[in-house]
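Participant: I'd like to ask you about the structure that follows.
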Amino acid sequence: MMRLDKYISGTGLMSRKECAKAVKKGRITINGIPATRPETKIREGQDEIALDGQIIPYMEYTYIMLNKPEGYVSSTDDPSAPTVLDLVDERYSRMGLFPCGRLDRDTTGLLILTDNGPLAHRLLSPKYHCEKTYLASLAFILDDETVNKVETGVVLDGKITKPAKIEILGPTQVNITLTEGRYHQVKRMFEAVGNKVLKLKRICFASIPLDPSLESGEWRLLTADETDILEAAPDKAKGEN
Ligand code: URA
């Protein structure tokens, strides 16, 4: 059981305050009957809640797609720098959302924020081969040998990296797809072959591409289809450690 206003605000459609106003105006129904109080207890997943006649499906978890700008740290709290949570609506930061994985402070692009701890844990576990694609701008021109070395694996901290895929976009620009998430991995992989990453942007995470309509610093909720992809990703990507 859950309060009606919590159910509705949890979907991101409106705040609790706005929900109270909508209830007053008779815009919200519970199983077809106009709600009279925002604090009414409902059975989430069983009762049919609608706003202006449109059913609001139950969402157990919240997922946000953020186009992270430079200068923000991927954590929920940092005394010395703004965090990615500072970029989203306050009502979401209050909901206990956290970033699913980390991008360096100077890395931009796709970051998922969620309150689904078990899923984030599975997606980030090295047991699962969750694909992440980065657009990397490099300091030096790439040759076939370097590409081959990065794709087959380089040694970082005494351990060889898992096979990566590189798509050449230009003499100093590539898309690189990894299935691991080691510390500064892309930067250190290119450093290991004598190159240097000048700019890094994540453009895809677990088969979900960054929405090109999101400007730097903008965010939106994941669509139902994207949520399905994300929630299915660990099973599909399951493999050996
Ligand atoms: N690899 C890096 O080097 N940095 C990131 O932020 C992500 C992957």
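The values are calculated or read from the model by the stated rules, or taken from the named source; none is laboratory data. Please read all numbers here as calculations on a predicted model, not as lab measurements. Here the Cβ is made from the backbone with ideal geometry for all residues, glycine too, and neighbour counts use every protein chain on show. Side chains are part of the model used for accessible areas, which takes the heavy atoms of the whole protein and leaves out ligands, DNA and RNA. Shrake-Rupley method; radii C 1.70, N 1.55, O 1.52, S 1.80 Å.
Participant: Accessible surface of His184 in the full protein assembly, 1.4 angstrom probe, to the nearest 10 Å²?
Facilitator: Accessible area, nearest 10 Å²: 60 Å².
Participant: A further question on this structure: Please list, ordered by chain and number, the residues whose modelled amide H lies under 5 Å from the amide H of Leu198; skip anything fewer than 5 residues away on the same chain.
Facilitator: Sorted by chain and number, the residues that satisfy this are Ser137, Leu138, Ala139.
Participant: Turning to a different aspect of this structure: How big is the gap, in Å, between the Cα center of the range 45-89 and the Cα center of the range 139-199?
Facilitator: 32
Participant: Let me ask something additional. Calculate what fraction, in whole %, of the accessible area of the chain sits on carbon and sulfur atoms when a 1.4 Å probe is rolled over the protein chains.
Facilitator: It is 50 percent, rounded to a whole number.
Participant: Quick one: what are the phi-derived ³J(HN,Hα) couplings along the range 194-204, Karplus 6.51/-1.76/1.60 with θ = phi - 60°, whole Hz, x for glycine and proline?
Facilitator: Along the range 194-204, the couplings run x, 10, 8, 7, 8, 9, 9, 9, 7, 10, 8 Hz.
Participant: Calculate, in whole percent, how much of the Cα-Cα pair population of the range 132-205 lies beyond 15 Å.
Facilitator: 45
Participant: I've got another one for you. Using θ = phi - 60° and the Karplus curve 6.51 cos²θ - 1.76 cosθ + 1.60, what whole-Hz ³J(HN,Hα) does each residue of the range 213-220 get, with Gly and Pro shown as x?
Facilitator: Whole-Hz 3J(HN,Hα) from phi for the range 213-220: 7, 7, 6, 4, x, 8, 8, 7.
Participant: While we're here: Amide H neighbours of Val154 under 5 Å, counting only residues 5+ apart in sequence or on other chains, H built in-plane at 1.01 Å?
Facilitator: Those lying under 5 Å, H to H, from Val154 are Thr161.
Participant: Now for a different question. Using DSSP to define loop residues, name the GluC sites (Glu not before Pro) in the range 188-234 whose beta-carbon has at most 11 other beta-carbon atoms within 10 Å.
Facilitator: Sites meeting the loop and neighbour criteria: Glu215.
Participant: Which value, in Å², gives the accessible area per residue of the range 132-205 when a 1.4 Å probe is used on the protein heavy atoms?
Facilitator: In whole numbers, the range 132-205 has 52 Å² accessible per residue.
Participant: Pairs Lys17/Lys68; Lys25/Lys68; Lys6/Lys127; Lys159/Lys196: which exceed 27 Å Cα-Cα?
Facilitator: Numbers: Lys17/Lys68 29 Å; Lys25/Lys68 38 Å; Lys6/Lys127 35 Å; Lys159/Lys196 20 Å.
Too far apart for the 27 Å limit: Lys17/Lys68; Lys25/Lys68; Lys6/Lys127.
Participant: Another question, if that's okay. Keeping all protein chains in position, work out how much accessible area Lys199 exposes to a 1.4 Å probe, and write it in Å² to the nearest 10.
Facilitator: Estimated to the nearest 10 Å², Lys199 gives 130 Å².
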